[in-house]
Amino acid sequence: MSERALDPTIVDAYLGAVDWLRSILGRSEVAVAWPERSAVADYTVGGIAAHAVHGVLWLEQLLKDPEPAGLRRVTIATTACRRRCAPPQRRSRWRVPRR
């Protein structure tokens, strides 16, 4: 499905962001604050850090793995419409016996 190689500028920007993230997460004041509340609701500083690291690791693995066979291209509109445009399925929570 690949049509082109990644632009080296984009790869460099990504790697630069990873280095920046590493430098931030390695700071002692960040490590001390991991159990504290962050600026993001319901996340600690450590939770935000873990979320960021998981994204980096996931993308690195995605780029290393061979491309899966049999994929088809879908647009955001197709995916969003499938979820939002389909008629709602009405199911009653309560089963009422038929008479």
Computed FRET value (nearest 0.05) for L59 with V32, which takes r as the C-beta separation and R₀ as 30 Å: 0.60
Note, ³J(HN,Hα) from phi for the range 19-32, Karplus 6.51, -1.76, 1.60, rounded to Hz, x at Gly and Pro: 4, 4, 4, 4, 5, 5, 5, x, 6, 4, 5, 6, 4, 5
Cα principal axis extents for the range 8-69, largest first, Å: 43, 24, 16
Distant-in-sequence amide H partners of Y43 (H built 1.01 Å from N, under 5 Å): S38
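Read the figures in this text as sums done on the coordinates, not as results from a lab. Note that the structure is a prediction, hence the values are computed from the model and not measured. Cβ coordinates were reconstructed from backbone atoms using ideal geometry, including for glycine residues, and neighbour counts include every protein chain displayed.
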